[in-house]
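Undergrad: Encoded as structure tokens, here's the structure I'll be asking about.
The values are calculated or read from the model by the stated rules, or taken from the named source; none is laboratory data. Note that the structure is a prediction, hence the values are computed from the model and not measured. Backbone-built Cβ (ideal geometry, glycine too); neighbour counts: all protein chains shown. Protein only, heavy atoms only, side chains kept; ligands, DNA and RNA dropped before computing areas. Shrake-Rupley method; radii C 1.70, N 1.55, O 1.52, S 1.80 Å.
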Amino acid sequence: MSVLERNDNGVANDYEHIAKLVRSGQSIVLGDTLFKWYEIAPDDEPVPATIADLARLGLADAARLGELRLRGSVGFVILHRCGEGFYFLLVSTWENDNELWETVWAKDGTDDPGFHPWPLEGSHRPTFCVWELGAVAHERTAWSRYLRSGRGREERLAYMRDTYEGVV
């Protein structure tokens, strides 16, 4: 039996895929790195302001304390509401000219007081989910446009202003 003929497609039978909304927010500076800010959530259940504030403060503290080591000068953050109380916080920087590097943080429910590094084990790991890839696809295009430009101050500002909002 070929792989295409099997019924095991990696998707649970009761899974229902919904649309989510990407919203851009105020940029944030962590150390020497400037980040665009994105939030992803169902349209009718946006990321609460208290959670976004907690994420921003947690990242700022981690950068100040050296717990979040950043080498890039620009990048983007995705705060993704993944259900009632679980959030991923994805910190991505552009490195080595054309590479996207990522640090993954998470907060799991009301009993979890703040965001913390997400443990990843093994050599084959998750990266971005289908909703996060909407923002990542936009960022790939925006960064490629920047790389093909003169890469001066104005072009960098244009990159930082080039954000995405919409349904994913």
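Undergrad: Take the alpha-carbon centre of region 50-70, take the same for region 100-167, and report the distance between them in whole Å.
TA: First find each Cα centre; the distance between them is then 16 Å.
Undergrad: If you don't mind, another one. Before I look further, what does the chain give for accessible area per residue, probe 1.4 Å, in whole square angstrom?
TA: Per-residue accessible area for the chain comes out at 62 Å².
Undergrad: Something else: Taking DSSP loops as anything outside H, G, I, E and B, show the longest stretch in the chain free of GluC sites (Glu not before Pro) there with at most 15 other beta carbons within 10 Å.
TA: Looking at the chain, 17-66 is the longest stretch - no exposed GluC sites (Glu not before Pro) with at most 15 other Cβ atoms within 10 Å.
Undergrad: To continue, here is another question. Write down the Å³ per residue value for the convex hull defined by the alpha carbon atoms of the chain.
TA: For the chain, the hull spanned by Cα atoms encloses 157 Å³ per residue.
Undergrad: Another question, then. What distance in nm separates the simple spin-label points at Thr50 and Glu154, each placed 7 Å from Cα in the Cβ direction?
TA: Label-label distance for Thr50 and Glu154, simple model: 4.6 nm.
Undergrad: Report the relative contact order of the chain, percent, no decimals, based on alpha-carbon pairs under 8 angstrom and at least 6 residues apart.
TA: Dividing the mean separation by the residue count of the chain yields 21 percent.
Undergrad: Over the chain, what percent of the accessible surface lies on carbon and sulfur atoms, probe 1.4 Å?
TA: Percent of accessible area from carbon and sulfur atoms in the chain: 51.
Undergrad: Accessible surface of Trp143 in the full protein assembly, 1.4 angstrom probe, to the nearest 10 Å²?
TA: Trp143 exposes around 20 Å² with every protein chain in place.
Undergrad: Further question: Can you check what the net charge comes to around Asp61, using other residues whose Cβ is under 15 Å from the Cβ of Asp61 (Lys, Arg +1; Asp, Glu -1)? Provide the component values of the computation, followed by the final result.
TA: Working: positive: Arg56, Arg64, Arg69, Lys107; negative: Asp53, Glu67.
Summing Lys/Arg as +1 and Asp/Glu as -1 gives +2.
Undergrad: Okay, next question. Roughly how large, in nm² to one decimal, is the mean projection of the convex hull of the alpha-carbon atoms in region 74-168?
TA: Result: 7.5 nm².
Undergrad: Let me ask something else about it. Order His124, His80, His116 by their accessible area, 1.4 angstrom probe, all chains in place, largest first.
TA: The residues order as His124, His116, His80, largest area first.
Undergrad: Could you work out the relative contact order of region 96-168, using alpha carbon pairs under 8 angstrom and six or more residues apart, expressed as a whole percent?
TA: It comes to 23 percent, rounded to a whole number.
Undergrad: Calculate the spin-label point distance for Glu165 paired with Ser144, positioning each point 7 Å from the Cα along the beta-carbon direction, and give it in nanometres.
TA: Simple spin-label model gives 2.5 nm for this pair.
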